[in-house]
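S.K.: Got a structure here, written out as structure tokens. Questions coming.
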């Protein structure tokens, strides 16, 4: 086990379907935070689709209503092998142990982990991810299905950010949400080791 500080890496991806391989990750955004809320750096890229992958019709119907976000994630496309390598190098360059944070982590982590492994890298996150909704469930002592954003305290949400379905925007917004929850649960960062 590492004694290095945990760095919370809020990740959001956009995709053209529900599963990696048959479908492609279109865009990836990540924002690295310390426990006290300092955003250290960000990573973002729009990816070319995987050879042989096909968009999911139901997902593409959803994208029909997200014109601005769709156009944003289809600009400046990069090779997914290159992006994945750059992501792994960025994660390894952080000044602590990266912890994947997502909302929902089950979706975003599946794509990111699959791409990392498929393109021949070890995952800096290992096999695990921290799910913001599950963390909220524990803090609120509420059933999982009732733990939705409208039932969460407004004080957790960053006032200056909104959900845009643009990967980096959403990674930052969700990261700030998580940090507010973490601070409320653990107290000030400087008192955690005492």
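Read the figures in this text as sums done on the coordinates, not as results from a lab. Being a predicted model, the structure only gives us computed values, none of them experimental. Please note: Cβ atoms are built from the backbone with ideal geometry, for glycine as well, and neighbour counts cover all protein chains shown.
S.K.: In the stretch 7-41, which residues are touching a residue at least 24 places away in the same chain (Cβ under 8 Å), surrounded by fewer than 16 Cβ atoms within 10 Å (Cβ to Cβ) and closer than 17 Å to residue 100 by Cα?
M.R.: Correct list: 36, 37, 39, 40, 41.
S.K.: Given the conditions (1) surrounded by 14 or more Cβ atoms within 10 Å (Cβ to Cβ); (2) in contact with a helix residue (DSSP H, G or I) (Cβ under 8 Å, 6 or more places away or on another chain); (3) on the phi < 0 side of the Ramachandran plot, which single one is not true for residue 108?
M.R.: Checking residue 108 against (1) surrounded by 14 or more Cβ atoms within 10 Å (Cβ to Cβ); (2) in contact with a helix residue (DSSP H, G or I) (Cβ under 8 Å, 6 or more places away or on another chain); (3) on the phi < 0 side of the Ramachandran plot, the one that fails is (2).
S.K.: Another question, then. Would you be able to tell me the number of residues in the stretch 139-173 that are on the phi > 0 side of the Ramachandran plot and buried (at least 18 other Cβ atoms within 10 Å of the Cβ)?
M.R.: 1
S.K.: Of the residues that make up the stretch 177-190, is at least one touching a strand residue (DSSP E or B) at 6+ places or on another chain (Cβ under 7 Å), outside any helix (DSSP H, G or I) and touching a residue at least 60 places away in the same chain (Cβ under 8 Å)? It would help to see each step written out before you state the result.
M.R.: First pass over the stretch 177-190, keeping only residues touching a strand residue (DSSP E or B) at 6+ places or on another chain (Cβ under 7 Å): 178-179.
Subset that is outside any helix (DSSP H, G or I): none.
There is no residue in the stretch 177-190 that is touching a strand residue (DSSP E or B) at 6+ places or on another chain (Cβ under 7 Å), outside any helix (DSSP H, G or I) and touching a residue at least 60 places away in the same chain (Cβ under 8 Å).
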